[in-house]
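Asks: What follows is a single structure, and I will ask about it in a moment.
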Amino acid sequence: MSAERKVIQEATRRVLLKDFLVQESARAGFGGLEITRTPMGTRVTLVCERPGILIGHRGELIKRLTEEIHARFQLDNPQIEVQEERAPSLNAQLMSEKLASTLERGWHFRRAGHSTVRRIMEGGARGCQVILSGKLTGERHRTERFKAGTIKYCGEAVHLWVEKGFYQARLKPGVIGVSVWIMRADSKLPDEIVVKGATPRAAPPVELPPVVDADAAAVAPIAGPLPPEAS
């Protein structure tokens, strides 16, 4: 098998594995996935909001999930590690799932979008953006954006500091795509430069010219001799 086919096959396997784990951990709150190759096998790190639901009593559910992954995706000695998400309001994937669930329960899309943005910003994010695409109110497809704070769309800052999540809300009119972008609070933009050892200099006070009343100036006497009258 050529190298190109191996890369395509591995990428396809990762996408299918992520879709499978999203469905299996829906009740536990899927927050992210990381697949790492080790000398002992394949380590799958799964981030969940409620890991106890996914692990089960004495680890029975996680053992069954490991066997099913090994049989379906042919991974070498898979080892699943479940981690708890400490800050769910700053996890883009979790917030996209919560927003989709809110839309499926009947909330208006504007109310749900603004509520999600407010929750993310209260959690300490520097900026966020929520994108809803689909049949929101009528038969025509439309896209609505809800934004707060600072968000970047291109460049190195997107790869380093912006986290993206996507989920689908299945409603009667159709499927609505939910995308959530979150810019972390510890993000540092390229144009933010701090000089070490330099003390910030206070801005000098601005002296404004005195205010002159136009009416008073019109009736005030003129200092000095009057000009001679023209003959």
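The values are calculated or read from the model by the stated rules, or taken from the named source; none is laboratory data. For clarity, every value in this text was computed on a predicted model and none was experimentally measured. Please note: Cβ atoms are built from the backbone with ideal geometry, for glycine as well, and neighbour counts cover all protein chains shown.
Asks: Out of all the residues in the range 19-49, which are surrounded by 15 or more Cβ atoms within 10 Å (Cβ to Cβ), in contact with a strand residue (DSSP E or B) (Cβ under 8 Å, 6 or more places away or on another chain) and of a type in the set (D, E, K, R)?
Replies: Initially, the range 19-49 is screened for residues surrounded by 15 or more Cβ atoms within 10 Å (Cβ to Cβ), giving 20-21, 24-25, 28-33, 35, 42-44, 46-49.
After this cut, where a residue has to be in contact with a strand residue (DSSP E or B) (Cβ under 8 Å, 6 or more places away or on another chain) as well, the list is 21, 25, 28-33, 35, 42-44, 46-49.
Those that are surrounded by 15 or more Cβ atoms within 10 Å (Cβ to Cβ), in contact with a strand residue (DSSP E or B) (Cβ under 8 Å, 6 or more places away or on another chain) and of a type in the set (D, E, K, R): R43, E49.
Asks: Which one is surrounded by the most Cβ atoms within 10 Å (Cβ to Cβ), of the residues in the range 161-204 that are among the hydroxyl-bearing types (S, T, Y) and over 30 Å from E104 (Cα atoms)?
Replies: Only one residue fits best here, namely S187.
Asks: Which ones in the range 86-112 are of a type in the set (A, V, I, L, M, F, W, C) and either modelled with pLDDT of 90 or more or under 12 Å from the mean Cα position of the chain (by Cα) (or both)?
Replies: If the condition is that a residue be of a type in the set (A, V, I, L, M, F, W, C) and either modelled with pLDDT of 90 or more or under 12 Å from the mean Cα position of the chain (by Cα) (or both), then L90, A92, L94, M95, L99, A100, L103, W107, F109, A112 are the ones that fit.
Asks: Which pairs turn up if I take residues in the range 141-165 that are within 25 Å of I176 (Cα to Cα) and look for partners that are of a type in the set (D, E) and surrounded by 15 or more Cβ atoms within 10 Å (Cβ to Cβ) with beta carbon separation below 9 Å, at least 6 apart in sequence or on another chain?
Replies: The qualifying pairs are G165/E97.
Asks: Let me ask something else. Against the condition more than 30 Å from T38 (Cα to Cα), in contact with a helix residue (DSSP H, G or I) (Cβ under 8 Å, 6 or more places away or on another chain) and surrounded by fewer than 20 Cβ atoms within 10 Å (Cβ to Cβ), how does A125 come out, does it pass?
Replies: When the stated conditions are applied, A125 does not pass them.
Asks: Select from the range 65-95 the residues that are touching a helix residue (DSSP H, G or I) at 6+ places or on another chain (Cβ under 9 Å) and among the polar types (S, T, N, Q) and write down the one among them that is nearest to R50 (Cα to Cα).
Replies: Q83
Asks: Any chance you could count how many residues in the range 23-60 are touching a residue at least 40 places away in the same chain (Cβ under 8 Å) and assigned to a helix (DSSP H, G or I)?
Replies: The total comes to 1.
Asks: I'd like the full set of residues that are free of Cβ contacts under 8 Å to residues at least 40 places away in the same chain and either surrounded by 12 or more Cβ atoms within 10 Å (Cβ to Cβ) or within 18 Å of the chain's Cα centre (by Cα) (or both), limited to the range 65-74.
Replies: Once the filter is applied, which keeps residues that are free of Cβ contacts under 8 Å to residues at least 40 places away in the same chain and either surrounded by 12 or more Cβ atoms within 10 Å (Cβ to Cβ) or within 18 Å of the chain's Cα centre (by Cα) (or both), the range 65-74 yields T66, E68, H70.
Asks: Do we have R64 as part of a helix (DSSP H, G or I), on the phi > 0 side of the Ramachandran plot, outside the structural domain of L99 (by TED's automatic domain parsing) and not small (G, A, S) here? I'd like the intermediate steps shown before the answer.
Replies: On the way: part of a helix (DSSP H, G or I): yes; on the phi > 0 side of the Ramachandran plot: no; outside the structural domain of L99 (by TED's automatic domain parsing): yes; not small (G, A, S): yes.
Answer is no for this residue.
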